[in-house]
Amino acid sequence: MLSREEMQRGMRGPIKTINVPEWGGDVGIKKLTAADLIHLRSLAKEGDSEATSEENLLAVAEVLARALCDTDGTLCFTVAELQDWAGDQIELMYRLVNEVQLHNGMTVVQKEDLEKNSESGPTSVST
């Protein structure tokens with residue numbers, strides 16, 4: 001029978017390890033929870049190209065604060081810490097957000113594919 005720790009590790013999902021040369025080593029990226037996704041969705045302004053740079057920075061910091069972790073899955077940074085570092089690290093932060101999106105199946109291509117498939121409606125199979 002699985003232990004509580006094994007079940008929690010399974011529920012957490014795999015942790016993706018990526019190298020961050022700017023920091024001198026590897027970092028972990030965990031799978032986002034449903035609560036994380038709901039919160040992040042509430043921050044997004046659907047189709048709003050007029051989001052301020054402060055709003056964009058907050059969104060980036062929120063994503064990374066919920067995903068960057070150590071090997072045990074413990075989150076490493078607060079939103080405030082990430083916002084403070086953004087001036088010097090913004091390109092890296094965007095690269096890390098991209099890695100979070102890839103690890104969580106949130107890529108633009110996949111979203112476009114899903115929208116295309118939903119527009120085509122149900123398919124029929126002839127027998």
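The values are calculated or read from the model by the stated rules, or taken from the named source; none is laboratory data. What you see is a predicted model; the values in this text were computed from it and never measured. Neighbour counts run over all protein chains shown; Cβ positions are idealised from the backbone, glycine included.
Name the single residue that is surrounded by the fewest Cβ atoms within 10 Å (Cβ to Cβ) among those in segment 78-127 being acidic (Asp, Glu) and at pLDDT 85 or above. Spell out the reasoning first.
We begin by selecting, within segment 78-127, every residue acidic (Asp, Glu); these are 81, 84, 88, 91, 99, 112-113, 115, 119.
So of that shortlist, the ones also at pLDDT 85 or above come out as 81, 84, 91, 99.
Working: GLU81: 13, ASP84: 13, GLU91: 9, GLU99: 17.
My answer is GLU91.
What are the pairs with Cβ atoms under 6 angstrom where one residue, in segment 10-23, is within 18 Å of ARG66 (Cβ to Cβ) and the other, located anywhere, is of a type in the set (Val, Ile, Thr) and assigned to a strand (DSSP E or B)? Sequence gap at least six, or different chains.
LYS16/ILE29; VAL20/VAL27
Answer yes or no as to whether ILE29 is modelled with pLDDT of 85 or more and touching a Lys or Arg at 6+ places or on another chain (Cβ under 8 Å).
Working: modelled with pLDDT of 85 or more: yes; touching a Lys or Arg at 6+ places or on another chain (Cβ under 8 Å): yes.
Yes; evaluated as a whole, the condition is true for this residue.
List, please: which pairs have Cβ atoms under 8 Å, are six or more places apart or on different chains, and start with a residue in segment 64-81 that is closer than 13 Å to MET93 by Cβ and end with one that is polar (S, T, N, Q)?
From segment 64-81, the pairs are ALA65/THR78; ALA67/ASN104.
For segment 3-17, which positions are part of a loop (DSSP other than H, G, I, E, B) and of a type in the set (Gly, Ala, Ser)? First the steps, then the outcome.
First pass over segment 3-17, keeping only residues part of a loop (DSSP other than H, G, I, E, B): 3, 13-15.
SER3, GLY13, listed by residue number.
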